[in-house]
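Remarks on the structure that follows.
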Amino acid sequence: MKNIFKLIFIALCLAGVMPASAQPNSAKQALLTLKTYKTGGEAVGMSYGYLIDHNGTVVSGWTPFNGADSAVVVDANGRSYPVEKIYGASELYDISKFCIGNAQSMQPIPTAKSLPTGSVKLWIMAKSPILVAPSRSEKFMDKYNYYVLGDESALKDNKVDYPNGCPAVNERGELVGIYNNGGTVLSVTDYRYANELKPTEFVYNDPVLKQTTIRKALPSDLKEAQLALMMSARSRTSDYMATAQDFIKMFPKENDGYSALASQYWQQGKTEEADKLLREAIDKVTDKAAAHYNYSKAIWQKVSLSPEPPFAAWTYDKAMQEADDAYKLNPIPAYDEMKGKIDYSRGKYNEAYDKFMSLAKSKLHTPDLFFEAAQCKMQLKASDTEILELLDSAVGVCDTPYTTLAAPYFYARGEQYNKMGRYRDAMLDLWRYEMLTPTGLSSAFYYEREQIELKAKVYQAALNDITRAVALDQKNAELWAEKANVHVRVAQYDDAIASADIAIQLSPEYATPYLIKGIAQCQTGKKAEGMQNLEKAKSLGETQADTFIAKFK
């Protein structure tokens with residue numbers, strides 16, 4: 001009885017809404033319930049929706065996905081289906097389109113062949129379906145209908161019962177649109193608008209879709225899908241692998257999906273699966289030279305970077321064979337370069353150097369070749385001058401103005417300058433490296449550059465860098481002690497004592513901060529306290545303590 005009065009109340013409040021005894025049962029059976037969750041199982045939201053094809057494509061509200069990490073859809077019989085990927089979403093109309101798994105036996109909701117523009121009655125399909133009569137219809141994007149039902153106050157106490165995403169159907173149970181109670185009016189958006197919700201190459205940068213970690217679908221265009229696959233590498237490993245599998249299904253004659261998925265397999269120790277997949281690529285793809293190259297590259301990376309557990313079929317000889325096969329099919333420099341990389345990894349430095357230098361003199365002529373040649377010379381114990389010349393060449397062939405791509409070569413040359421005692425040159429190259437790598441620099445980098453700046457006697461720069469290092473790793477007692485050390489060097493004794501105290505708090509048995517604090521105290525006339533800290537440093541094993549104890553006696 002209570003529910004009957006509730007429906008009567010809604011009917012009185014909502015203009016054009018009328019109870020009806022005959023509900024479209026076919027549409028009610030097609031109604032789906034979307035439930036979304038955070039990692040750990042905390043519920044985020046729910047909505048209703050419907051299946052639109054036999055491929056598991058569902059349309060529902062978008063709001064429940066905001067902040068969600070997973071989702072399921074429940075049908076009218078209580079069966080659950082996982083949400084596998086999202087195609088697209090609109091915040092403006094609060095609509096999402098996504099794919100569920102294991103939906104082969106489900107029947108899509110029937111769609112209206114023609115959509116009304118005049119007086120019409122629509123059922124809003126929810127737990128308790130309700131019949132409404134839109135006050136007017138409008139056009140948007142010149143082709144889609146927008147039905148206005150009433151103002152936002154009409155269902156303000158009942159929005160939870162009629163969430164965004166509910167299907168709106170005609171009296172025959174055919175889909176007309178998608179219900180929305182956000183904004184200033186209650187409305188129904190043309191169901192055909194869901195066709196606009198499709199992924200592009202920038203799906204992983206979509207500001208709406210970034211609000212959920214649920215996997216994004218690949219676009220149907222090959223070039224766009226290749227870029228989207230590459231960007232999906234930043235997502236969860238399981239999602240990246242699923243995306244690579246989708247790519248293989250969509251583009252079985254392209255190498256990208258096989259290579260991406262195989263890389264994940266061997267990194268997880270599933271080398272046999274990776275081997276099978278890469279051989280499958282050689283059989284199926286159009287560009288077989290690239291398939292052989294990808295096979296060679298995977299073997300080289302696995303044997304070089306992750307030799308355990310071993311896989312008998314994957315050896316440097318096998319990698320070289322695949323590189324040879326690639327080059328025979330398509331003799332491009334990149335495939336020839338792989339041979340040099342394989343020779344370098346198996347200790348054939350002279351052969352690798354010759355290969356890199358021959359390519360450097362060819363059309364390829366990239367900074368990486370000179371860098372790789374320099375690495376060979378380092379292994380061959382060549383002179384510092386010879387190594388520096390190669391690194392100069394690596395920097396010299398970088399495109400200008402310099403971009404992030406040039407950063408590694410400045411860093412490598414900076415390290416070589418440091419090794420040669422050319423500290424100011426090293427410092428300048430590491431500054432260039434920082435300018436070309438504006439994000440993601442670690443405390444270790446700033447500590448390394450600070451050490452070079454100290455040797456160059458550029459103390460203010462050293463102090464700036466050790467301060468940055470400390471800011472990035474505030475629980476590191478060694479960095480705080482080093483900061484105290486630089487303060488002592490520039491006679492900032494109070495700052496030295498303060499930094500040393502933090503280091504001592506973080507690591508009470510660490511000798512160095514007691515030494516530095518003792519020196520700073522002795523320099524500021526606090527000899528008694530300073531000598532106590534120097535003795536403490538000595539007791540903890542600081543070998544320099546005796547020298548300063550003798551100095552300040």
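Within the stretch 510-530, restricting attention to residues that are of a type in the set (A, V, I, L, M) and closer than 16 Å to V488 by Cα, which residue is surrounded by the most Cβ atoms within 10 Å (Cβ to Cβ)?
I516
Are any residues in the stretch 177-225 closer than 24 Å to A126 by Cβ, among the small types (G, A, S) and touching a helix residue (DSSP H, G or I) at 6+ places or on another chain (Cβ under 9 Å), and if so, which ones?
Within the stretch 177-225, G177, G182 meet the criteria.
Given the structure, is K113 among the basic types (K, R), surrounded by fewer than 18 Cβ atoms within 10 Å (Cβ to Cβ), touching a Pro at 6+ places or on another chain (Cβ under 7 Å) and in contact (Cβ under 8 Å) with a residue 60 or more places away in the chain?
no
Please give the number of the condition L364 fails out of (1) at pLDDT 95 or above; (2) touching a helix residue (DSSP H, G or I) at 6+ places or on another chain (Cβ under 8 Å); (3) open to solvent by 30 Å² or more (accessible area, probe 1.4 Å).
(1)
Is it fair to say A71 is closer than 24 Å to S187 by Cβ, touching a residue at least 24 places away in the same chain (Cβ under 8 Å) and open to solvent by less than 40 Å² (accessible area, probe 1.4 Å)?
So A71 fails the test.
Assess whether A334 counts as being more than 21 Å from T243 (Cα to Cα), open to solvent by 10 Å² or more (accessible area, probe 1.4 Å) and in a loop (DSSP other than H, G, I, E, B).
It is false that A334 is more than 21 Å from T243 (Cα to Cα), open to solvent by 10 Å² or more (accessible area, probe 1.4 Å) and in a loop (DSSP other than H, G, I, E, B).
For the stretch 74-107, enumerate the residues that are open to solvent by less than 30 Å² (accessible area, probe 1.4 Å) and either assigned to a loop (DSSP other than H, G, I, E, B) or free of Cβ contacts under 8 Å to residues at least 12 places away in the same chain (or both).
D75, D94, G101, A103, M106
Which condition number in (1) closer than 30 Å to L428 by Cα; (2) of a type in the set (G, A, S); (3) surrounded by fewer than 19 Cβ atoms within 10 Å (Cβ to Cβ) is the one that S507 fails?
Against the list (1) closer than 30 Å to L428 by Cα; (2) of a type in the set (G, A, S); (3) surrounded by fewer than 19 Cβ atoms within 10 Å (Cβ to Cβ), S507 comes up short only on (1).
Search the stretch 287-313 for residues that are under 18 Å from S345 (Cβ atoms) and at pLDDT 95 or above and pair each with any residue that is in a loop (DSSP other than H, G, I, E, B) and of a type outside the set (S, T, Y) when their beta-carbon atoms are under 7 Å apart and the residues are at least 6 apart or on different chains.
Correct list of pairs: N294/N255; I299/W314; K302/W314; V303/W314.
Can you report the number of residues in the stretch 385-404 which are of a type outside the set (D, E) and open to solvent by 20 Å² or more (accessible area, probe 1.4 Å)?
Total meeting the criteria: 9.
Taking the stated definitions as given, is K536 open to solvent by 60 Å² or more (accessible area, probe 1.4 Å) and touching a Gly at 6+ places or on another chain (Cβ under 9 Å)?
yes
With respect to L380, determine if the residue is at pLDDT 95 or above and closer than 18 Å to A360 by Cα.
no
Which of the residues belonging to the stretch 497-526 are assigned to a helix (DSSP H, G or I), over 17 Å from N476 (Cα atoms) and either hydroxyl-bearing (S, T, Y) or modelled with pLDDT under 95 (or both)?
Those that are assigned to a helix (DSSP H, G or I), over 17 Å from N476 (Cα atoms) and either hydroxyl-bearing (S, T, Y) or modelled with pLDDT under 95 (or both): none in the stretch 497-526.
Given D392, D354, which one is touching a Phe, Trp or Tyr at 6+ places or on another chain (Cβ under 9 Å) and acidic (D, E)?
From the options D392, D354, the qualifying one is D392.
Name the pairs whose Cβ atoms lie under 6 Å apart, with the first residue in the stretch 428-453 and closer than 15 Å to W480 by Cα, the second open to solvent by 30 Å² or more (accessible area, probe 1.4 Å), and 6 or more positions between them or separate chains?
Taking only residues 6 or more apart or on different chains, the pairs are S443/L472; S443/D473; Y446/R468.
Considering only residues that are part of a helix (DSSP H, G or I), open to solvent by 40 Å² or more (accessible area, probe 1.4 Å) and among the aliphatic types (A, V, I, L, M), which ones fall in the stretch 367-384?
M378, the sole residue that qualifies.
Any idea which of (1) open to solvent by 10 Å² or more (accessible area, probe 1.4 Å); (2) in contact with a Ser or Thr (Cβ under 9 Å, 6 or more places away or on another chain) is the one K121 doesn't satisfy?
(2)
Mind listing just one residue for me: the one in the stretch 66-82 that is touching a Gly at 6+ places or on another chain (Cβ under 8 Å) and among the hydrophobic types (A, V, I, L, M, F, W, C) and, of those, nearest to L229 (Cα to Cα)?
Checking each candidate, the answer is A68.
For every residue, the table says whether it meets (1) open to solvent by less than 40 Å² (accessible area, probe 1.4 Å); (2) closer than 29 Å to Q375 by Cβ; (3) in a loop (DSSP other than H, G, I, E, B).
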{"position": "A406", "(1), (2), (3)": "yes, yes, no"}
{"position": "G421", "(1), (2), (3)": "yes, yes, yes"}
{"position": "D425", "(1), (2), (3)": "no, yes, no"}
{"position": "G440", "(1), (2), (3)": "no, yes, yes"}
{"position": "Y447", "(1), (2), (3)": "no, yes, no"}
{"position": "N464", "(1), (2), (3)": "no, no, no"}
{"position": "Q474", "(1), (2), (3)": "no, no, yes"}
{"position": "A481", "(1), (2), (3)": "yes, no, no"}
{"position": "H487", "(1), (2), (3)": "yes, no, no"}
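Inspect all residues belonging to the stretch 17-27 and state whether any of them is in contact with a Phe, Trp or Tyr (Cβ under 6 Å, 6 or more places away or on another chain), part of a strand (DSSP E or B) and within 24 Å of G173 (Cβ to Cβ).
no
Select from the stretch 208-242 the residues that are open to solvent by less than 10 Å² (accessible area, probe 1.4 Å) and within 21 Å of T36 (Cα to Cα) and list them in ascending order.
L209, T212, I214, A217
The values are calculated or read from the model by the stated rules, or taken from the named source; none is laboratory data. All values derive from a computational prediction rather than experimental measurement. Cβ: placed from backbone, ideal geometry, glycine included. Neighbour counts: every protein chain shown. Quick note on the areas: whole protein, heavy atoms, side chains included, nothing else; ligands and nucleic acids left out. Shrake-Rupley method; radii C 1.70, N 1.55, O 1.52, S 1.80 Å.
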